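*Asks:* After the structure tokens below, expect a handful of questions from me.
The values are calculated or read from the model by the stated rules, or taken from the named source; none is laboratory data. Small disclaimer: the values here were computed from a predicted structure and weren't measured. In this analysis, Cβ positions are derived from the backbone assuming ideal geometry, glycine residues included, and neighbour counts consider all displayed protein chains. When the accessible area is computed, the model is the full protein with side chains, heavy atoms only, and any ligands, DNA or RNA have been set aside. Shrake-Rupley method; radii C 1.70, N 1.55, O 1.52, S 1.80 Å.
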Amino acid sequence: MQFGVDAPPDPNCPGCQSLAKKNAQLEAQVATLSDRVDTLLKRVDELERRGKRQAGPFSKGAPKEKPKRPGRKKGQRGRDARKKPEKVDEEISVPLPEKCPDSDCQGRIELQRVAEQFQTDLPKVEPIVRRFSIEIGKCSCCGKRVQPRHPQQTSDALGAAADQIGPNLLALATLLKADYGLSWGKVARLCGTAFGVTVTPSALCRGSMRVAEKLQPTIEAVRESVRTSPTVCPDETGWRTGGHSRWLWVFVSPDATVYSIAPGRGAEVAAKVIGFDYSGILVRDGWLAYRRFKEATHQTCVGHLLRRCSEILELAKAGARRFPKNVKQLLQDALALRDARGNYTKRGFASLVGKLRARLDRLLRGNPRYPPNAKFVKHLRNERHALFTFLDVEGLSATNWAAEQAIRPSVLARKLSGGNRTDRGADAHAGLLSVVQTAKQRAVDEVALLTRALCQPEPQPLL
């Protein structure tokens, strides 16, 4: 037998055969791991690029082979068409020419019919400058100074502060900043170009702070409405204030929405809005802070769980795919059962819900070795009680979609503005967002509401 590094294995040696077999197995494992490492590196690279994106649009991957047809769906154009105006403010006649416009013809034109076309436009905006001649007196008995106030005044300030922005303009500017995400600089430029009003961004900023102060009773009323609501859908996202990390929270109920900007992401922040004793239904994602609300009934976001299943399936191989695939099928069956609730009796529906819970329990008995599956099992065990609440409570949403929709405009505004400069400005911004979003939910004119708040001598709840 030859000994040495380059000596060939002896086919008659049992030890050499065993080592050769193990070597082949190791080479196969190395090849598999190498492929997986390449896949993971590509995934990491993609996530790193995605994390550095500050605004859309960006590529979301390869386009679909059979994308949906662009434009309106068939028959939708008629439903979306503008209705004939009920009121016409200006009549314009468009007469026929006397002769045919064709130079080779020049024949006489005969009237056949009169067609109608409607145009809705804005009039030329001319700013209104009001001068309030305020009679100031003194009581002959007690000597107290008396200064009356007109309903259109927004302040009692005189002297150097007597030149002020009107309530309609300031209300519109506040809405453009808080709801539409424009910067104060852009709002100031719009006031100059569209309305002919010269105003500085700082003046508009200070004015919006006054609006927030006038709305404090309304903000508290909105908070109380959410606190006593039977269902609340919370969510949170990152924010910046003065260059420091903050969290923007949102709490959505059927008829009110509360925003809050806080330094932390813990349960204590949510408790300041709804209280640890909240006993309604929380429709939320899997963030562990929400589990501290022991008195509430919970519904975890099924959409997040389905997305997590898909992410695991992208990288899992062979047997590791079985668990996320079964969980995904279970959740989809639960959603299908919800949609078919009307086809079953109350007892039959409850029986099917019980079978879904039994399937879930069987899935959670195992202990997967694949790390992402092991982590997912642990999460599902913690969320087991909150998975199928939407089947127990008819009409309850299975996702926290409402909160994500409410928070999305602020995410776009954050990418454009970078957040707030001061904590005082952040509090005002959150309060204004709360009032504006709640006004939308209750079909209240936001500009009219802000105007009323500005003209109140003493702040009162307006919602």
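*Asks:* Report, by residue number, each residue of region 193-208 that is open to solvent by less than 40 Å² (accessible area, probe 1.4 Å) and without any contact (Cβ under 8 Å) to a residue 60 or more places away in the chain.
*Replies:* The answer is VAL199, ALA203, LEU204, GLY207.
*Asks:* Using beta carbons and a limit of 7 Å, which pairs, at least six apart or on different chains, have the first residue in region 239-250 and more than 21 Å from SER434 (Cβ to Cβ) and the second one in a strand (DSSP E or B)?
*Replies:* SER245/GLY238
*Asks:* Take the residues of region 389-439 that are under 18 Å from THR231 (Cβ atoms) and without any contact (Cβ under 8 Å) to a residue 40 or more places away in the chain: which is surrounded by the fewest Cβ atoms within 10 Å (Cβ to Cβ)?
*Replies:* GLY395
*Asks:* Taking the condition of being more than 20 Å from VAL199 (Cβ to Cβ) and surrounded by 10 or more Cβ atoms within 10 Å (Cβ to Cβ), how many residues in region 100-134 meet it?
*Replies:* Count: 4.
*Asks:* Within region 259-276, work out how many residues are within 22 Å of GLY395 (Cβ to Cβ) and assigned to a strand (DSSP E or B).
*Replies:* 0
*Asks:* A further question follows. Please indicate, with yes or no, whether at least one residue in region 209-218 is within 22 Å of LEU387 (Cα to Cα) and open to solvent by less than 70 Å² (accessible area, probe 1.4 Å).
*Replies:* Scanning region 209-218 turns up no residue that is within 22 Å of LEU387 (Cα to Cα) and open to solvent by less than 70 Å² (accessible area, probe 1.4 Å).
*Asks:* From (1) open to solvent by less than 70 Å² (accessible area, probe 1.4 Å); (2) within 21 Å of the chain's Cα centre (by Cα), pick out the condition that doesn't hold for GLY366.
*Replies:* (2)
*Asks:* While we're looking at this one, here's another question. Could you list all residues from region 236-258 that are within 17 Å of VAL444 (Cβ to Cβ) and either in a strand (DSSP E or B) or open to solvent by less than 20 Å² (accessible area, probe 1.4 Å) (or both)?
*Replies:* Selection gives VAL252, SER253, ALA256, THR257, VAL258.
*Asks:* Which is exposed (fewer than 13 other Cβ atoms within 10 Å of the Cβ) and among the charged types (D, E, K, R), of ARG291, ARG307, ARG359?
*Replies:* Residue meeting the stated conditions: ARG307.
*Asks:* Report, by residue number, each residue of region 198-255 that is in contact with a strand residue (DSSP E or B) (Cβ under 8 Å, 6 or more places away or on another chain) and acidic (Asp, Glu).
*Replies:* The answer is ASP235, GLU236.
*Asks:* Which of (1) among the small types (Gly, Ala, Ser); (2) modelled with pLDDT of 95 or more; (3) open to solvent by less than 10 Å² (accessible area, probe 1.4 Å) is the odd one out, the single condition SER225 does not satisfy?
*Replies:* Unmet condition: (3).
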